[in-house]
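K.L.:
One structure is given below, represented as structure tokens, and several questions about it will come after.
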Amino acid sequence: MTDNTSIKPLFEPFDSKNLSLQNRTVMAPMTRGFSPDNIPGEDVAAYYRRRAENDVGLIVTEGTGINHPSSVSGSGIPVFHGEKALNGWANVVKEVHEAGGKIAPQLWHVGMTRQAGDLPNEDAKPVGPSGLTLDGEKVNEPMTETEITDMVETYAQAAADAKRLGFDGIEIHGAHGYLIDQFLWAKTNHRTDRYGGDVAGRTRFAVEIVEACRREVGPDFPIIFRFSQWKMNDFKAAIAATPEELDSILQPLVEAGVDIFHCSTRRFWEPEFEGSDLNLAGWTKKLSGKPVISVGSVGLDGEFTSGTGANTTSLDGLIGKLENDEFDLVAVGRSLLMDPAWAAKIRDGRADELKPFSKEALSTLY
Ligand SMILES: Cc1cc2nc3c(=O)[nH]c(=O)nc-3n(C[C@H](O)[C@H](O)[C@H](O)COP(=O)(O)O)c2cc1C
């Protein structure tokens, strides 16, 4: 197990153009389903506060639904609109700030992954670039340009609300096969208008969302953009087959106003493209020149999509990559779901107190 001198790079402060953090640890966004009627309550606020009290540098909340009828699936998923839900989020911010932490909401629309009849709006149809599910089945018409424009403004409204509520930034969920990623991915985007066709066209929806959010929040409010190659139903999927294609996605997003990229992989140590050891975050940093967050099985011996538990492992490989500046920040999912004190224990060399991840933890807000 890693000793507490070698983990020092993880606890160096992070300073960027508009975001400073006490250390390099980030709580990864994790849907928990503990928000009855889609409103985050006191227990959710206390859950995030416990992470802030225990040295997490930046908390990214679970995905929270923007103001569109089909943005989420399920009545326990928090939304980011309406007085009650936004008051709930204001309380989350207050608790986290009182404990000295920083927090960004993850703005989410599930797109075509929504099933017919899902709560909270049973009649709301799933929407997406081409009306296709992730498996390619046509279940709705493609979004019209007007619907796309309205959706962009819905993200912008959420960004404005995040700033007004006192959040320290926003994360736009462009990963894992949800709405924005359905535009980025050729399999779910068959459009021939300016929102499809080639990599630039497929990236346009994401770019317009970032531009609209930036317009609302001004230059000094951090915008994080999360993306992935893999999809929930296809771990081998890719939106960029080469570094050149990745660059074509990243450059317009940088110009639109992304400050930090959050590069979602299931295993942080895996090289992304042949001929280099760099992972997806490493490539993204190299190509975009922006700070990046890496993620995926940090401190655990099994990836989160396995659906099973996982044992704790050494952080040595991770620290080496951090020291080499391959990435700037490290997001941790399940270890922080299981144990609010994970970061403090790592910092203090209390490796013997780390807890393995058990899937039963999913049903409790530790
Ligand atoms: C219970 C659970 C819920 C998740 N929900 C989200 C989510 O809402 N948004 C998102 O971008 N990723 C989500 N993820 C993925 C995590 O953010 C993270 O990328 C993944 O768990 C890998 O990190 P880990 O190996 O440290 O757990 C979720 C993961 C878990 C375990």
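The values are calculated or read from the model by the stated rules, or taken from the named source; none is laboratory data. Please read all numbers here as calculations on a predicted model, not as lab measurements. Glycine gets a Cβ as well: all are built from the backbone with ideal geometry, and neighbour counts include every protein chain shown. When the accessible area is computed, the model is the full protein with side chains, heavy atoms only, and any ligands, DNA or RNA have been set aside. Shrake-Rupley method; radii C 1.70, N 1.55, O 1.52, S 1.80 Å.
K.L.:
Tell me which lysines have Cα within less than 18 Å of residue 285's Cα, excluding those fewer than 8 residues away on the same chain?
P.N.:
Result set, ordered by chain and number: 17, 321.
K.L.:
Also, I was wondering about something else. Based on the alpha carbon coordinates of the stretch 46-126, what radius of gyration and maximum Cα-Cα distance (Dmax) apply, in Å?
P.N.:
Over the stretch 46-126's Cα set, Rg and Dmax evaluate to 14.2, 43 Å.
K.L.:
Straight-line reach from residue 138: which lysines have Cα under 29 Å away, leaving out those fewer than 8 places along the same chain?
P.N.:
Leaving aside lysines fewer than 8 places away in the same chain, those within reach of residue 138 are 125, 187, 231, 236.
K.L.:
Looking only at the stretch 216-256, which residues have a backbone nitrogen under 11 Å from a spot 7 Å from the Cα of residue 186 in the C-beta direction?
P.N.:
The answer is 238-242, whose backbone nitrogens lie closer than 11 Å to the label point.
K.L.:
Continuing with the same structure: Can you tell me the FRET efficiency between residue 247 and residue 20 if r is taken as the Cβ-Cβ distance and R0 is 25 Å, rounded to the nearest 0.05?
P.N.:
Working: r = 28 Å, r/R0 = 1.13.
So, using R0 = 25 Å, E works out to roughly 0.35.
K.L.:
Turning to a different aspect of this structure: Could you quote the convex hull projected area for the stretch 170-220, Cα atoms only and averaged over all directions, in nm²? Let's see the in-between values first.
P.N.:
On the way: hull surface 15.1 nm².
Mean shadow area of the hull around the Cα atoms is 3.8 nm².
K.L.:
Sticking with this one: Work out the P(r) tail for the chain: percent of alpha carbon pairs separated by more than 40 Å, whole number.
P.N.:
Numbers: 4603 of 66795 pairs.
Taking all Cα-Cα pairs of the chain, the fraction more than 40 Å apart is 7 percent.
K.L.:
Now for a separate question. Amide H to amide H under 5 Å from residue 130: which residues, 5+ apart in sequence or cross-chain, H placed 1.01 Å off N in plane?
P.N.:
Amide H to amide H, under 5 Å and 5 or more residues apart or across chains, residue 130 pairs with 143, 190.
K.L.:
With labels modelled as points extended 7 Å from the Cα through the Cβ direction, what inter-label distance (nm, one decimal) is found for residue 255 paired with residue 269?
P.N.:
About 3.9 nm separates the two model spin labels.
K.L.:
Search the structure for amide H atoms under 5 Å from the amide H of residue 279, placed 1.01 Å from N in the peptide plane, and list their residues when 5 or more places away or on another chain.
P.N.:
272
K.L.:
Just how large is the dipole of the chain about the Cα centre, in debye to the nearest 20, putting +1 at every Lys and Arg Cβ and -1 at every Asp and Glu Cβ?
P.N.:
Values: 37 positive and 54 negative charges, 48 e Å.
The calculated dipole for the chain is roughly 220 debye.
K.L.:
Do the sum for the chain: with -39,500 (n - 2.57) for every DSSP H run of n ≥ 4, divided by all residues, what is the mean residue ellipticity at 222 nm, to the nearest 500 deg cm²/dmol? Mind dumping the intermediate values first?
P.N.:
Details: 10 runs with 116 residues, N = 366.
It lands at -9500 deg cm²/dmol.
K.L.:
Using modelled backbone amide H atoms (1.01 Å from N, in-plane), which distant-in-sequence or interchain residues come within less than 5 Å of residue 265's amide H?
P.N.:
295
K.L.:
Moving on to the next point. Given the C-alpha centroids of the stretch 66-116 and the stretch 271-332, what is the distance between them in whole angstrom?
P.N.:
If you average the Cα positions of each part, the centres end up 26 Å apart.
K.L.:
What FRET efficiency would be calculated for the residue pair residue 144, residue 123, taking the C-beta separation as r and a Förster radius of 30 Å, to the nearest 0.05? Intermediate values should be presented prior to the final figure.
P.N.:
Values: r = 19 Å, r/R0 = 0.63.
Rounded to the nearest 0.05, the efficiency is 0.95.
K.L.:
Over the stretch 38-163, give the accessible area per residue in Å² for a 1.4 Å probe, as an integer. Write out the running numbers ahead of the final one.
P.N.:
Numbers: 4670 Å² over 126 residues.
Here the residues of the stretch 38-163 average 37 Å² of exposed surface.
K.L.:
Right, something else. Take every DSSP beta bridge with both residues inside the chain and express the antiparallel ones as a percent of the total, to the nearest 5. Before the final figure, lay out each step's value.
P.N.:
Details: 6 of 35 bridges.
In the chain, DSSP labels about 15 percent of beta bridges as antiparallel.
K.L.:
Among 313, 248, 335, whose Cα projects farthest towards the positive end of the dipole of the stretch 221-366, with charges put on the beta-carbon of Lys, Arg (+1) and Asp, Glu (-1)?
P.N.:
Of 313, 248, 335, it is 335.
K.L.:
Also: Could you check how much of the accessible area of the chain is carbon and sulfur, as a whole percent, using a 1.4 Å probe?
P.N.:
That fraction is 48 percent.
K.L.:
What do you get when you divide the Cα radius of gyration of the stretch 255-366 by 2.2 N^0.38 Å, with N the number of residues? Walk me through the intermediate numbers first.
P.N.:
Values: Rg = 14.8 Å, N = 112, 2.2 N^0.38 = 13.2 Å.
Output field value: 1.12.
K.L.:
Something else: If packing is taken as the average number of other Cβ atoms within 10 Å across a peptide's residues, how do 258-268, 10-20 rank, most packed first? Provide the component values of the computation, followed by the final result.
P.N.:
Numbers: 258-268: 23.0, 10-20: 15.3.
Put in order of decreasing packing, that is 258-268, 10-20.
K.L.:
Might you report the magnitude of the Cβ-based charge dipole of the stretch 145-289 about its Cα centre, with Lys and Arg at +1 and Asp and Glu at -1, to the nearest 20 debye? Please list the in-between numbers first.
P.N.:
Values: 16 positive and 24 negative charges, 60 e Å.
The calculated dipole for the stretch 145-289 is roughly 280 debye.
K.L.:
Given a 1.4 angstrom probe, what's the average accessible area per residue across the stretch 246-302, in square angstrom? Each step should come with its number before you reach the end.
P.N.:
Details: 1970 Å² over 57 residues.
Accessible area per residue, the stretch 246-302: 34 Å².
K.L.:
Then there is this: Can you give the percent of C-alpha pairs in the stretch 4-65 whose distance is more than 20 Å? Kindly include the intermediate steps, with their values, before the conclusion.
P.N.:
On the way: 726 of 1891 pairs.
The proportion of pairs with Cα distances above 20 Å equals 38 percent.
K.L.:
Residue farthest toward the positive end of the dipole of the stretch 1-71, with Cβ of Lys/Arg at +1 and Asp/Glu at -1: which of 9, 23, 67?
P.N.:
Positive-end residue among those listed: 9.
K.L.:
Assuming 0.36 nm per residue, please report the length gained on full extension of the stretch residue 98 to residue 305 beyond their Cα-Cα distance.
P.N.:
Numbers: separation 207, 0.36 × 207 = 74.52 nm, distance 3.37 nm.
Length gained between residue 98 and residue 305: 71.1 nm.
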